[in-house]
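Down below is the structure, laid out as structure tokens.
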Amino acid sequence: MQAIQAQFHGDQLKLNQLPDLVANQQQVLISVKAAGVNPVDTYIVAGSNNYTANFPHTPGKDAAGVIIAVGADVTGLSLGQRVYCAGTLSGASAEQCLASPQQVYPLSNHLSFEQGACLGTPYATAWRALFIRAHAQAAETVFIHGASGGVGLAAIQLAKAAGCRVFASAGSEAGLALLKQQGADVVVNHHQTQHYQQLQQAGGVDVILEMLANQNLGDDLPLLNARGRVVVIGSRGSVEINPRDLMARDACIMGMALAHADSAQLKQIHTALYAGAEAGFVRPVIGQSFALAETSAAHQAVMQAGAHGNIVIDTQQTKDTVSHQ
């Protein structure tokens, strides 16, 4: 099989020919059709933000494909089944991956493999932030700050389906158009200084999902209604806030890392995502698709500002046929 590997932190990602993988009694072997690329994957390769890896390292937590081998002790999964992985044992950026049964979930026939590769991190992050951390409720207003990336778009779809009013921001006209297309009720350009004033005029906010807390958190807090909640999903540095903005509203700030989800939460999240896909409101947006040989470029793209949808690796495409949308 072909697989992407790094030999040390900061190494260039290279496509290597490796022996096919073999599942043991407790493992599932998947023929990978698509792999998701998320910022956490680049952090792990770089060894930044306290992430580390064993080497040689094949990057990627999220994959979608078809089961080609099932360990003797594995139940509930079958050969030929369409599945997606929320985590792997061997790395997703390869033609095959190994996973534990707890990492593998059925993929709805309503979703493509590329869309399935977007569920494990972006959608699970959005679901946990909205409903487990923030306890978002129908008729509440949710503001998704930096919503044109994979997590933000997932949050729009999930919040709208739950009956929330959704405010969302992006940094370009194309991004704003995408937010509107996904159903956001109010959209603002977060590169414009007046965007906070526009949001205040649109009404108070009950829940904020913040993707860049070091830049925005201090200005987010005055938007909150009484008992408002901010969930910090992303940050790239420190920030100064005025605690009185919290005190005056009985509001709170909470962190959110998907790695803290326990087995019961993961079951809840992925059961809900399957139901959402079957119902038609979980529908990942693919922003850019890369060939396996272009994984390094995909890792660069996922860290660029102004994201528009999810970035995926299509293992069935060649470098010549891949489409960068």
* Asked: Between a first residue in the range 233-257 that is among the β-branched types (Val, Ile, Thr) and a second residue that is assigned to a loop (DSSP other than H, G, I, E, B) and buried (at least 16 other Cβ atoms within 10 Å of the Cβ), which pairs have beta carbons less than 8 Å apart while being 6 or more apart in sequence or on different chains?
  -> ILE233/MET211; ILE233/MET256
* Asked: How many of the residues making up the range 93-127 are within 14 Å of ILE269 (Cα to Cα) and either open to solvent by 20 Å² or more (accessible area, probe 1.4 Å) or without any contact (Cβ under 8 Å) to a residue 40 or more places away in the chain (or both)?
  -> 6
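Matching residues to (1) surrounded by 14 or more Cβ atoms within 10 Å (Cβ to Cβ); (2) in contact (Cβ under 8 Å) with a residue 60 or more places away in the chain; (3) not in a helix (DSSP H, G or I):
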{"position": "VAL207", "(1), (2), (3)": "yes, yes, yes"}
{"position": "GLY218", "(1), (2), (3)": "yes, no, no"}
{"position": "PRO222", "(1), (2), (3)": "yes, no, no"}
{"position": "ASN225", "(1), (2), (3)": "yes, yes, yes"}
{"position": "ARG229", "(1), (2), (3)": "yes, yes, yes"}
{"position": "ALA259", "(1), (2), (3)": "no, no, no"}
{"position": "ALA275", "(1), (2), (3)": "no, no, no"}
* Run down GLY80, GLY120, GLY71, GLY163 and say which single residue is closer than 16 Å to ALA277 by Cα and not aromatic (Phe, Trp, Tyr). => GLY120
* ALA126 under 19 Å from VAL40 (Cα atoms) and of a type outside the set (Val, Ile, Thr) -> yes
* **the range 1-41, subset closer than 13 Å to SER296 by Cα and of a type in the set (D, E, K, R), residue least open to solvent (accessible area, probe 1.4 Å)** => ASP41
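For every residue, the table says whether it meets (1) modelled with pLDDT of 95 or more; (2) part of a helix (DSSP H, G or I); (3) among the charged types (D, E, K, R); (4) touching a Lys or Arg at 6+ places or on another chain (Cβ under 6 Å).
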| site | (1), (2), (3), (4) |
| --- | --- |
| ALA174 | no, yes, no, no |
| ALA184 | yes, no, no, no |
| VAL187 | yes, no, no, yes |
| GLY234 | no, no, no, no |
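Listed here are the residues, each with its yes/no results for (1) surrounded by fewer than 17 Cβ atoms within 10 Å (Cβ to Cβ); (2) more than 19 Å from the chain's Cα centre (by Cα).
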{"site": "ILE156", "(1), (2)": "no, no"}
{"site": "ARG165", "(1), (2)": "no, yes"}
{"site": "ALA168", "(1), (2)": "no, no"}
{"site": "ALA177", "(1), (2)": "yes, yes"}
{"site": "VAL186", "(1), (2)": "no, yes"}
{"site": "HIS190", "(1), (2)": "no, yes"}
{"site": "GLN200", "(1), (2)": "yes, yes"}
* **Qualifying positions in the range 277-316 - buried (at least 21 other Cβ atoms within 10 Å of the Cβ) and without any contact (Cβ under 8 Å) to a residue 24 or more places away in the chain** => none
* Structure fact -> Reported set for the range 242-257 where residues are in contact with a helix residue (DSSP H, G or I) (Cβ under 6 Å, 6 or more places away or on another chain) and surrounded by fewer than 17 Cβ atoms within 10 Å (Cβ to Cβ) is MET254
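The values are calculated or read from the model by the stated rules, or taken from the named source; none is laboratory data. If you're wondering where the values come from, they're calculated on a predicted model, not measured in any experiment. So basically every Cβ, Gly included, is an ideal-geometry build from the backbone, and we count neighbours across all protein chains shown. The area values use the complete protein model at the heavy-atom level, side chains included, leaving out ligands, DNA and RNA. Shrake-Rupley method; radii C 1.70, N 1.55, O 1.52, S 1.80 Å.
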